[in-house]
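Everything on this sheet refers to the single structure shown next.
The values are calculated or read from the model by the stated rules, or taken from the named source; none is laboratory data. Not measured: the values here are computed from a predicted model. Glycine also receives a Cβ, built like all others from the backbone with ideal geometry; neighbour counts cover every protein chain displayed. Ligands, DNA and RNA are excluded from the accessible area calculation, which covers all protein heavy atoms including side chains. Shrake-Rupley method; radii C 1.70, N 1.55, O 1.52, S 1.80 Å.
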Amino acid sequence: MSQYSINISKCLANWGKKSQECNGNRHCLEEHAKELRECLDAVFPPSTRTEFESDKTNYMMSTVFFLSNRLAKALIGISEYDEAMEEFENIGKDSSQDNDDYKIIYENKKSEIDKILAKYF
């Protein structure tokens, strides 16, 4: 008897718990995303080994894998975004907006944030 839904839920639950313990650390999140993909790979059989090999079955399984992977990447992106925004806010607190150095730093940080958003979203 296949238990895809149970095993997929376990993979996601484990990933969620471990990711929460990362406290926003991007490297930790990347490691757990890798573990999530490995767990899902173990759950999903090769398409030639499914009893009812069909496009719909393969589509359903690949959709779960894709969405799980996308969620993990989005969380990594949010972690990078959080870090950049924290630095950006600290720069704002330490600088006067009339200062030319602040304007350069502001534009650089804005560009960095845009790159993070483009990379993940």
Open item on the list: Just to make sure I understand: if all protein chains stay in place, what is the order of Phe121, Phe65 by accessible area at 1.4 Å, largest first?
Closed with: Phe121, Phe65
TODO: Can you pull the one-decimal nm distance between simple spin-label points at Thr57 and Tyr4, each 7 Å off the Cα toward Cβ?
DONE: 0.8 nm
- [ ] Given the peptides 100-111, 20-31, arrange them by the average over their residues of other C-beta atoms within 10 Å, most packed first.
- [x] 20-31, 100-111
Open item on the list: Taking θ = phi - 60°, what integer Hz values does the Karplus form 6.51 cos²θ - 1.76 cosθ + 1.60 yield along the range 19-33, in sequence order, with x for Gly and Pro?
Closed with: 5, 4, 6, 6, 6, x, 6, 4, 5, 5, 4, 4, 5, 6, 5
